[in-house]
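For reference, the structure is listed below as structure tokens.
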Amino acid sequence: MAILIKATGFILSLLPYEVLEIMTECLARIFMLIPSPRRRVLLSNLRHAFPDWSYNKVKATALESAARMFEMGFFSLCYPFMTKDQLRRTVLYSNETEKKLAQLRKSGKPVLFLIPHVCLFEALATSPFFRPQGRRKMGAIYRPNRSPWLENWIRESRIATGLKVFSRNTALFESKRFLREKNWLALLFDQNSGIQGCHSNFLKRFASLSTLPSLFAQSTKAITVYSFPKRIAFFKTSLELTELECLKSEVPFKAHELLELNIFQYEGLPEWLWSHERWKTQQNYRYHLRHRHKRSNLQDPMPRTTKFWIRIPNWLGDVVMTFPLIKAIRKGRPDASIALIGKSIFREISLKLNLCDDFIALPYGGGRDAFTEFIKKRYDYPSLIINFANSLRSDLECRVLGAPRRYGLLLPGKLRPFLTHAYQPSKSIVNAINETHQVNLWEGMLNYFGLAEELDLQPYSLGLLPSEYLSIGIIPGSANNPSKRWSTGKWCSLIRELLNFGDGLKVNIFGTKDDCIIADEICSTLDDKNVHNLCGKTSILELGRNLSDCIMVVGNDSGGMHLANALGAPTVVLFGPTNPLVTSPFMNSTMKIIRSSGNKKNDVLDIDDLSVNQVLDACVELKRL
């Protein structure tokens, strides 16, 4: 394999630069045509760094960056076979740069050169003028390649240029001693350093910075210099030097500030290696929902630029149960921008309650154009999608959106092949699943993926002033299960009693358009001007405003009751076939739960076994609280 690499490098070195440049452009086009994880990282990084750019501009910059990536590879293969004259011409030195190098040589002090990972960074190692001269030597710290034969080739090629090389993994003490002997040392400073690094916001995204620059600068008293090899033509660069005059502990942050300036100065700096996962620090799936850092220079508040998307359920009750979980995710990852994916009817309430920064509507019933718009959202490049919907269809929707990490809950008997990581509850949890609330089950899933925040179960406020009218809300329907509905006659009897709770009291009946039949029957039976049918006449947000204004809300186990509870309205909830241990409203609001415990129909509890007096007693008790 080594012979093949050398032969390839030798052949490439014989070709004119014009031919090599055409080859890099062709390879870049092929690279951009074929989907791959590295291609996605390249596009994602540019999209995050320049959110105001059009997607065409992002793609054009990505194409050029890919060409520069191949140029870097070609240079690594060719330079061992290049003539001394060719090597001299790879780096141009302005008068200002030559004066600075002369000044550094004359100082007699150790010098640490911090070099960004641009395509021709290695040209500095091959340039005979980028040396301290005299008995002092030039060294470089490098990250070993995973391929042994490629590692040997790169190492031998660098040593052949007279460069002293130090592996980042094994020779840190040796390289510090090398600096103390007043030599020069070059270091690529802008690579991801994981949880052990110091943390800051680079290009407005949470990033881990290497601590090596400050470590070397502090322990060796070295002069630190930001060294920017700006590409000016194929295999040709111009060196710009900036001495860092700051506290040694601030060196990594200052170097990244200068790199950020270069990136904006040169329209995205395509020669920088955008295809590297520079911002992957917090992506370990077991810690993804927890913000971890040791040393930091973070803004407060942090810019929310890391994109987390959450696929919410389809039913209102299930959606409301995700509210405290979403709030915990927002708190646990203050650097994450949250977008919810769901039915468009949930957009207003989600934004009003500050649950998310954006809302992506599902294309249900929207025709071909709506689905096309939905597909286009994949070009926003989310880092993660959490799926609360627990269905194969929703998993497929998340897959279409292209997130590299898709998390969800996997219960026995379920098939969820489109998840990248699934939380499988333990056997003891599965055995007790009929006694485990859905919120607790989802919380266990989020804990598995790193969530450490406690759920805030205090009710939410829509910021409304109290109404001058006293009203009681009635929710007699249940969209997803007719067996959860108390009979119309019993609702009529209860409402008659409730109207006696006070003079001028109104009763508003809430529900969907499908509940109009029930509500119309109740209204026609009672024939009372204080009973109003609002079924199908409110949006979810308007429903929330009406519910939060009620002195009491009475209803079946339904989404409306979950919403009333979440907004702090006192509630009486009627349960029949469903289990309140699993699906009852979950927030810390005043609530009375009544469950049928008598006759069964088809092995499930019959909600009509509840008497009017039972429900009325609960309402009276709730009124006293």
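Being touching a helix residue (DSSP H, G or I) at 6+ places or on another chain (Cβ under 8 Å) and over 15 Å from ALA339 (Cα atoms) is the filter; apply it to region 290-313 and report the residue that is surrounded by the fewest Cβ atoms within 10 Å (Cβ to Cβ). Per the criteria, the residue is LYS294. Considering ILE263, ILE310, the condition of being among the aliphatic types (A, V, I, L, M), modelled with pLDDT of 95 or more and under 30 Å from ASN588 (Cα atoms) is satisfied by ILE310 alone.
When the criteria are applied in full, GLU277 fails the requirement of being more than 17 Å from PHE121 (Cα to Cα) and in the same structural domain as GLU122 (by TED's automatic domain parsing).
Does region 204-236 hold any residues that are among the β-branched types (Val, Ile, Thr) and surrounded by 19 or more Cβ atoms within 10 Å (Cβ to Cβ), and which are they? Within region 204-236, THR220, THR224, VAL225 meet the criteria.
Between ASN192, ASN201, the distinction of being within 19 Å of ASN169 (Cα to Cα) and either surrounded by fewer than 17 Cβ atoms within 10 Å (Cβ to Cβ) or not assigned by TED's automatic domain parsing to the domain that holds PRO334 (or both) belongs to ASN192 only. On the basis of being more than 26 Å from LEU258 (Cα to Cα) and of a type in the set (A, V, I, L, M, F, W, C), does ALA160 make the cut? Criteria met by ALA160. Only residues that are among the aromatic types (Phe, Trp, Tyr) and closer than 12 Å to ASP190 by Cβ were counted in region 254-282, giving 3. Screening region 301-399 for helices (runs of 4 or more DSSP H) wholly inside it with 1 or more residues that are free of Cβ contacts under 8 Å to residues at least 12 places away in the same chain and more than 22 Å from TYR285 (Cα to Cα) returns the ranges 347-352, 367-376. Here ARG406 fulfils each of the conditions (1) free of Cβ contacts under 8 Å to residues at least 12 places away in the same chain; (2) crowded, with 21+ Cβ neighbours inside 10 Å apart from (1).
All conditions in (1) more than 20 Å from GLY342 (Cβ to Cβ); (2) over 20 Å from the mean Cα position of the chain (by Cα); (3) at pLDDT below 95 hold for PRO363, with the sole exception of (1). If you go through region 232-259 and keep only what is under 28 Å from the mean Cα position of the chain (by Cα) and basic (Lys, Arg), you end up with just LYS254.
If you go through region 412-438 and pick out every residue that is of a type outside the set (Gly, Ala, Ser) and buried (at least 16 other Cβ atoms within 10 Å of the Cβ), you end up with 8. Does LYS490 satisfy being among the basic types (Lys, Arg), outside the structural domain of LEU351 (by TED's automatic domain parsing) and either within 29 Å of LEU355 (Cα to Cα) or part of a loop (DSSP other than H, G, I, E, B) (or both)? It is false that LYS490 is among the basic types (Lys, Arg), outside the structural domain of LEU351 (by TED's automatic domain parsing) and either within 29 Å of LEU355 (Cα to Cα) or part of a loop (DSSP other than H, G, I, E, B) (or both). Being farther than 19 Å from ILE594 by Cβ and either in the same structural domain as GLY544 (by TED's automatic domain parsing) or not in a loop (DSSP other than H, G, I, E, B) (or both) is a property that holds for GLY504. When THR97, THR90, THR83, THR61 are checked against the criterion of being within 28 Å of GLU277 (Cβ to Cβ), among the β-branched types (Val, Ile, Thr) and modelled with pLDDT of 85 or more, THR61 stands alone in meeting it. A search for C-beta distances below 7 Å between a residue of region 517-540 that is under 16 Å from SER471 (Cα atoms) and any residue that is part of a loop (DSSP other than H, G, I, E, B), counting only pairs 6+ apart in sequence or on different chains, returns ASN530/LEU505; LEU534/PHE510; CYS535/PHE510; CYS535/GLY511; CYS535/THR512. Within region 256-284, the residues that satisfy the criterion of being in contact with a strand residue (DSSP E or B) (Cβ under 8 Å, 6 or more places away or on another chain), among the hydrophobic types (A, V, I, L, M, F, W, C) and assigned to a loop (DSSP other than H, G, I, E, B) are LEU269, LEU273, TRP279. Would you confirm whether any residue within region 239-255 is at pLDDT 95 or above, in contact with a helix residue (DSSP H, G or I) (Cβ under 7 Å, 6 or more places away or on another chain), outside the structural domain of ASP52 (by TED's automatic domain parsing) and among the polar types (S, T, N, Q)? Within region 239-255, one or more residues are at pLDDT 95 or above, in contact with a helix residue (DSSP H, G or I) (Cβ under 7 Å, 6 or more places away or on another chain), outside the structural domain of ASP52 (by TED's automatic domain parsing) and among the polar types (S, T, N, Q). Restricted to helices (runs of 4 or more DSSP H) entirely inside region 1-59, those with at least 2 residues that are free of Cβ contacts under 8 Å to residues at least 12 places away in the same chain and exposed (fewer than 13 other Cβ atoms within 10 Å of the Cβ) are 2-14, 17-33. Being modelled with pLDDT of 70 or more, crowded, with 18+ Cβ neighbours inside 10 Å and at positive phi is a condition met by no residue of region 158-180.
Yes or no, residue by residue, for (1) outside the structural domain of ASN434 (by TED's automatic domain parsing); (2) within 21 Å of CYS492 (Cβ to Cβ); (3) buried (at least 23 other Cβ atoms within 10 Å of the Cβ):
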residue: ILE509; (1), (2), (3): yes, yes, yes
residue: ILE517; (1), (2), (3): yes, yes, no
residue: SER524; (1), (2), (3): yes, yes, no
residue: ASP528; (1), (2), (3): yes, yes, no
residue: LEU543; (1), (2), (3): yes, no, yes
residue: CYS550; (1), (2), (3): yes, yes, yes
residue: ASP557; (1), (2), (3): yes, yes, yes
residue: LEU563; (1), (2), (3): yes, no, yes
residue: PRO580; (1), (2), (3): yes, no, no
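The values are calculated or read from the model by the stated rules, or taken from the named source; none is laboratory data. Here the structure is a predicted model, which is why all the values come from computation and not from measurement. Backbone-built Cβ (ideal geometry, glycine too); neighbour counts: all protein chains shown.
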